Amino acid sequence: MFNGNLGITLSSGGLRGAAHIGVLKELEKHNIYPNYISGTSIGSIIACLICVGYSIEEIERLFITYQDKKEVRRTIFDIDILNAVSFVISIFTRKKSASNGFIKGNLFERIIDKLCIHKKRRYLSDSLIPIAIPAVNLKTDSLVIFVSDKKMLKNIKGIVFRDDVTFAEAVRASISLPIVYQAKKIDGMILVDGGLKPDYTADVLSKYGASNIIKSNIQSYSKFASHVDDISSIATRFTDIMIQQIQEVHNKVQHKNTININLSDVKILDFSKINICITAGQVAASRFLAKLRNTNSN
């Protein structure tokens, strides 16, 4: 069905992005593996782990660990209490706050770094297959894409490519949802979530040599929200609307090989539904492949 040179892009979507694991599981059942891969925000975590040598089964077990154990989840959220208090005070005093996010992100970055070191592939240049991880530089409003080798990518206008950082640094930058996670600073750049700009990583994978692209896309937007009454649901709603606006601009023409996973009823940080998301991804991929087979047989 896909004879080599396959690129797979994994979208953003918060913890709902666990659905990408289900997509990759189903593709593997049909002996479909990525030759090139990209991931934005949550997608960058999964792409990173694949590129350093973790199997999709190992990645699934890792994610499910965080679903089942609350004490484990606490190890990835290093809340910056002083900055949080500073931010609240600044609202009432109108004084400048030093805070740029409630979660430092240092613990999470160290976890990703350890996982990479365990496979002896710490740097992007060590990647098993070409990878692309986007982030946004707030200082210049420019797209920064972390890649395994930027030599072939010099001719893409308006994009800054970096291949001289660790996987953990690239992933940490791509997941930095503004206000929630503190921005990642690298060489004077102030980097935040790659999902804040249209996703051009499919173009990057094509430049690398991918002749076929499959997009695994989390659909989380619905016109009406039934519950917007706490900080979690408000953050989820805000993010969904923002991502929808970005996608409307960039995806006026739907990519023919897009696997859409509708998870509008799952909150952006709902750890309890990781298994549900994985299953949803697997079901969506199964339907996609069945439709593709029917199309090719006609």
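Just a few scattered comments:
- So Ile129, is it modelled with pLDDT of 95 or more, assigned to a loop (DSSP other than H, G, I, E, B) and either over 16 Å from the mean Cα position of the chain (by Cα) or not basic (Lys, Arg) (or both): yes
- Looking across the range 165-186, the residues that are among the charged types (D, E, K, R) and either in contact (Cβ under 8 Å) with a residue 24 or more places away in the chain or in contact with an Asp or Glu (Cβ under 9 Å, 6 or more places away or on another chain) (or both) come down to Glu169, Arg172, Lys184.
- Residues in the range 51-68 that are touching a helix residue (DSSP H, G or I) at 6+ places or on another chain (Cβ under 7 Å) and more than 12 Å from Gly22 (Cα to Cα) were compared, and the one that is least open to solvent (accessible area, probe 1.4 Å) is Val52.
- Flag for Thr75 being hydroxyl-bearing (Ser, Thr, Tyr) and modelled with pLDDT under 70: no
Listed here are the residues, each with its yes/no results for (1) over 16 Å from Leu49 (Cβ atoms); (2) open to solvent by 40 Å² or more (accessible area, probe 1.4 Å); (3) among the β-branched types (Val, Ile, Thr).
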residue	(1), (2), (3)
Phe102	yes, yes, no
Gly105	yes, no, no
Ile112	no, no, yes
Pro130	no, no, no
Phe146	no, no, no
Lys154	yes, yes, no
Ile175	no, no, yes
Lys184	yes, no, no
Ala202	yes, no, no
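- Identification of helices (runs of 4 or more DSSP H) wholly contained in the range 31-74 with 2 or more residues that are among the acidic types (Asp, Glu) and under 17 Å from the mean Cα position of the chain (by Cα) yields no element.
- Scanning the range 1-43 for residues that are modelled with pLDDT of 95 or more, over 16 Å from Ile268 (Cα atoms), touching a Gly at 6+ places or on another chain (Cβ under 9 Å) and not aliphatic (A, V, I, L, M) yields Gly7, Thr9, Gly22, Lys25, Glu26, Pro34, Asn35, Tyr36, Ser38, Gly39.
- Meets criteria (open to solvent by less than 20 Å² (accessible area, probe 1.4 Å) and touching a strand residue (DSSP E or B) at 6+ places or on another chain (Cβ under 8 Å)) for Val192: yes
- Among the residues of the range 132-161, those that are farther than 11 Å from Lys207 by Cβ, free of Cβ contacts under 8 Å to residues at least 60 places away in the same chain and under 16 Å from the mean Cα position of the chain (by Cα) comprise Ala135, Leu143, Val144, Phe146.
- Among the residues of the range 160-173, the one identified as aliphatic (A, V, I, L, M) and either at positive phi or open to solvent by 30 Å² or more (accessible area, probe 1.4 Å) (or both) is Val160.
The values are calculated or read from the model by the stated rules, or taken from the named source; none is laboratory data. What you see is a predicted model; the values in this text were computed from it and never measured. Backbone-built Cβ (ideal geometry, glycine too); neighbour counts: all protein chains shown. Ligands, DNA and RNA are stripped out before the accessible areas are found, and what is left, the full protein with its side chains, is counted by its heavy atoms. Shrake-Rupley method; radii C 1.70, N 1.55, O 1.52, S 1.80 Å.
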